[in-house]
1. Using label points projected 7 Å from each Cα along Cα→Cβ, tell me how many nm separate Ala183 and Ala10, to one decimal.
2. When a footprinting reagent is the concern and you count Cβ atoms within 10 Å, what order do Ile193, Ile44 take, fewest first?
Amino acid sequence: MEQFAAVAAAHFLALLIPGVDFFLIARTAMTSGWRSATGVCLGIAVANGILIAAAFSGVSLLSHPVLLDGIRVAGGVFLVVVGAAFVRARVRVDVEQGPRAESATWLRGAGLGFTSGLLNPKNALFYVSLAAAVATARPPALVLYGAWMVTVVLGWDVFVALALGSRRALARMDRVLPWLTKAAGGFLVVFGIAMIAGLAAGLVS
């Protein structure tokens, strides 16, 4: 029980730190509404489930340097592409009619969330570290930990989507939403380039 409490606390604290997944949920919720954002939430949760299963069942595979470097490169490219799309996007919110976006769909959001969750190096590194810390736990306990973390990821992300996709939130965000979207896009682009540049510098040295 003590180990479960430690795992749950560490996971939730890591979840509270805003990252790529948070920006995707926030942007989708504020431009397409909370219903569309739940697709992103589900995709992220499924990706986290895959990473958790991979880490808990084979730490050595997921922590292999070549695989982690591949995740960093793919994740960096993904962040640059998504960030550039955010910067170029023209966002407008109609509080009376509801949020509108450029043909956003629930399935598209789910795919984007899945890709983001799977290619986020922070997720992979966190779950590998966590798996190493609970390496002595029995399989039933690991299944419980994994199920708990996936449920918490989904629950928290849906909460964020509901909070940012409500009419009240949209009314408050109407004027600043375009600036927030571009700022988030710029952050993702810079973060993605930094990931790729850091990996390249490490290979050269």
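1. Calculated label separation equals 3.3 nm.
2. On the way: Ile193 15, Ile44 31.
Neighbour counts put them in this order, fewest first: Ile193, Ile44.
Bear in mind that the values in this text are calculations on the coordinates, not laboratory data. Bear in mind the structure is a predicted one, so any value in this text is a computation, not a measurement. A quick note on method: Cβ atoms are made from the backbone with ideal geometry, for glycine too, and the neighbour counts reach across all protein chains shown.
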